[in-house]
Amino acid sequence: MKFKNDFSYEIKKQICTLSVVADESKELNLISYGNRPAKYDLRVWKNGGNGQRIMCRGVTFSRQEAKMLRDILTQELDEQEQA
């Protein structure tokens with residue numbers, strides 16, 4: 001079991017910032033947690049003091065899950081445009 005202070009991550013690629021409100025940004029990144037293979041990560045980040053970024057709640061997706069989500073969103077958005 002790992003303790004909270006043993007938590008490690010590395011942002012491998014910053015893909016996009018979806019929105020910025022006050023001191024928070026919603027971002028899609030490719031992140032490796034604990035030296036494991038990177039996953040797509042969608043979450044809010046807060047800007048803390050001294051340039052520090054604070055990780056807030058989010059959700060991670062494997063490559064396969066991200067592809068499924070892409071396909072579902074494409075279909076849903078296409079249906080919405082036709083309605």
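No value in this document is a laboratory result; all are computed from the given coordinates. Just so you know, these numbers come straight off a predicted model, no measurement behind them. Counting neighbours? That spans all protein chains shown, and the Cβs are built from the backbone with ideal geometry, glycine included.
For this structure, a couple of remarks:
- Angle in degrees between helix 63-82 and the longest Cα principal axis of the chain, rounded to the nearest 10: 40
- Peptides ranked, highest mean first, by Cβ atoms within 10 Å: ranges 38-51, 11-24, 70-83: 38-51, 11-24, 70-83
- Förster radius 25 Å - calculated FRET efficiency between residue 64 and residue 26, Cβ distance, rounded to 0.05: 0.65
- The slack in the chain from residue 10 to residue 52, taken as 0.36 nm per residue of separation less the alpha-carbon distance, amounts to 13.7 nm.
- With a cut-off of 12 Å between beta carbons, the residues surrounding residue 72 carry a summed charge of -3, where Lys and Arg count +1 and Asp and Glu -1.
- Geometric descriptor of the stretch 4-82, per residue, is 112 Å³ (volume of the convex hull of the Cα atoms).
- Remark: the stretch 24-35, residue by residue, has Karplus-estimated 3J(HN,Hα) of 10, 10, 9, 10, 10, 9, 9, 10, 9, 9, x, 6 Hz, where x stands for each Gly or Pro and the curve is 6.51 cos²θ - 1.76 cosθ + 1.60 at θ = phi - 60°.
- Local net charge near residue 53, Cβ-Cβ under 14 Å (Lys/Arg +1, Asp/Glu -1): -2
- Given charges at beta-carbon only (K, R positive; D, E negative), |dipole| of the chain in Debye: 600
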